[in-house]
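Contents: one structure, followed by commentary.
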Amino acid sequence: MFLDAVLHRNPELVACAAELHDSGAIPPDTYVMDLDAIESNAELLAREADRLGLSLWFVVKQIGRNPELIEAIARHIPRYAAIDPPEARVLHAAGARAGNLGHLVQIPPRALPELLAWRPETVTVYDLANARAVSDAAARLGFVQDVLIRLEGAAGAVYPGQEGGVRLDGAAEGPARAQGLDAFVAEAERLPGIRVAGVTAFPCVLCDPDTGEPGPTPNFALARAAVERLAARGYTDLKLSAPSATSMAVLPLLARLGATHGEPGHALTGTTPLHAVDHTQPEQPAYVYVSEVAHTLADGRPALYGGGFYARGGAREALIPRTGARLRVEDAPAAHIDYYRLLAPGDARVGDTAVLAFRTQIFVTRSSVAVVSGLSSGTPKLSGLYDPLGRPY
C-alpha cells in the first residue's frame, strides 16, 4: 500500500531497515520507525493546526505506544487522546499530557481515580452510567471534570466493535440507553462532578478507498447538530473533536466544518489512505515492516514470517532487497492465523530480508518495534527495540 511512497520519499529508511535485519540487529516481524520523520510530521501538523485555530490530541496505538516516539511527538503536540487505560498509562509515563481519555474504550470505573488524578482535559462518556461514574470519582477527588458526549454513529458509519454512544434523538420505545441528547444532558447537568464540554463521534472523516480524497462522514453532521443543540441550551466554548484521518490535508476541512480538535495518528507516519495515492503530501512516510523468508512452498511461493500483518493493512508487495524483486503479497482469508504470509513466486530464498509498507495497528500485533534516529542527517542509529505495547527489550 505504501511501498511506492516510502521508496520515493524515504528510501534511506528502506535501506536502513534492510541492513538492520541483514546484520541481525533486528528480528523478522519488526516495524522500523524513523524517529526524525515522525517528529518532523508532528511539527508540521502542530504548526498548521495553530494557524487554523485548531487543537490537536495525538494518538499512538498504531505505532505501538512507543515511549521514544511519544516523547518526540509531545515536543510539538503536548496532549494525547488515549484509546484505553493501558495506553493512557504509557503516555502518562512518557511525560505527555492527557487530552481525551475514554476515546474509543470507556474507562473502567475502578480505574477512574487513577486516571482522573492526572487532570485530563476531557473524558469521553458513552452513556449516563459512565457519566455518573466519572462524576462520582471526580467529586471524591475534589474537582469538576469536563466530559465529551460520544454520539451514537449514523447507520452504516460505525466500525464493528466500536458501537455505542448517545443518540441525537431518542427512541420512542426502548431502554434508558436509547434516550436522546436533550434527555441525556438534562440528567448530566444534575451530576455534581462533571461539566458537559462538547461532543465527539467516530469516524468523522474518511478517505475515499480509490482516490484517497478525505471527506466528512454522516457522523460529522451528527456532531455538528449536537453542538447546535447544546448551544441552544446555553452552552458556550464547546469542543467538537472530529477524529479519524486527521492530516495536513484534513485540517482545513476540520476548521471549515466547525471542529475544534483533531486527533492525528497515521498522519504522524505519513500513512493515511491519502498518502498511499498522493506522494506529494507534506507528511513523510516514516515506517516499514521487515520480515524474512521462512520457507518456500513446492509451487515456488515464498512464506514470510508473520506476526505483524494487520487484516485491514492493504499489504500488496514485498521488496526483496538482495535481488530488488517486488513480489505480490497474497490475500489471506478471514480465518487466517498470522504465522506466515505467502508471496507470489519469485526470486527469493530462505533467509532473505523482505521489506513491506502497509497500514497497521501495531498494538494488536506481536511485532517488535525498532526506533531509528539520525536518518535525516545521514547518521542512522538504532536507538531502541521494543515490544508492540511500548516496553523495551
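The values are calculated or read from the model by the stated rules, or taken from the named source; none is laboratory data. All values derive from a computational prediction rather than experimental measurement. FYI the Cβ positions are ideal-geometry reconstructions off the backbone, even for glycines, and counts take in every protein chain you see. Accessible surface is based on the protein model in full, side chains and every heavy atom, while ligands, DNA and RNA are left aside. Shrake-Rupley method; radii C 1.70, N 1.55, O 1.52, S 1.80 Å.
Take region 122-151 and flag every residue that is in contact (Cβ under 8 Å) with a residue 60 or more places away in the chain and outside any strand (DSSP E or B). Residues satisfying the conditions are 128, 131, 134. Taken together, 282, 302 contain a single residue that is of a type outside the set (A, V, I, L, M, F, W, C) and either modelled with pLDDT under 95 or open to solvent by 50 Å² or more (accessible area, probe 1.4 Å) (or both), which is 282. Restricting attention to region 1-49, which residues are under 19 Å from residue 383 (Cα atoms), among the aliphatic types (A, V, I, L, M) and surrounded by fewer than 20 Cβ atoms within 10 Å (Cβ to Cβ)? Selection gives 15, 25.
With respect to being open to solvent by 10 Å² or more (accessible area, probe 1.4 Å), in contact with a strand residue (DSSP E or B) (Cβ under 8 Å, 6 or more places away or on another chain), touching a residue at least 24 places away in the same chain (Cβ under 8 Å) and closer than 23 Å to residue 208 by Cα, residue 273 fits the description. Of all residues in region 337-370, those that are part of a loop (DSSP other than H, G, I, E, B) and among the β-branched types (Val, Ile, Thr) total 4. Within region 130-148, the set of residues being open to solvent by 10 Å² or more (accessible area, probe 1.4 Å) and over 25 Å from the mean Cα position of the chain (by Cα) comprises 132, 133, 136, 139, 140, 141, 142, 143, 144.
Considering only residues that are in a loop (DSSP other than H, G, I, E, B) and open to solvent by 10 Å² or more (accessible area, probe 1.4 Å), look in region 238-252 and name the one that is farthest from residue 59 (Cα to Cα). Before the answer, list the steps.
Applying the first criterion (in a loop (DSSP other than H, G, I, E, B)) to region 238-252 yields 238, 242-250.
Subset that is open to solvent by 10 Å² or more (accessible area, probe 1.4 Å): 238, 244-245, 248-249.
Details: 238: 22, 244: 10, 245: 11, 248: 15, 249: 17 Å.
Top of the filtered list is 238.
Filtering region 365-381 to residues that are open to solvent by less than 80 Å² (accessible area, probe 1.4 Å) and touching a Pro at 6+ places or on another chain (Cβ under 7 Å) leaves 365, 367, 368, 369, 372, 374.
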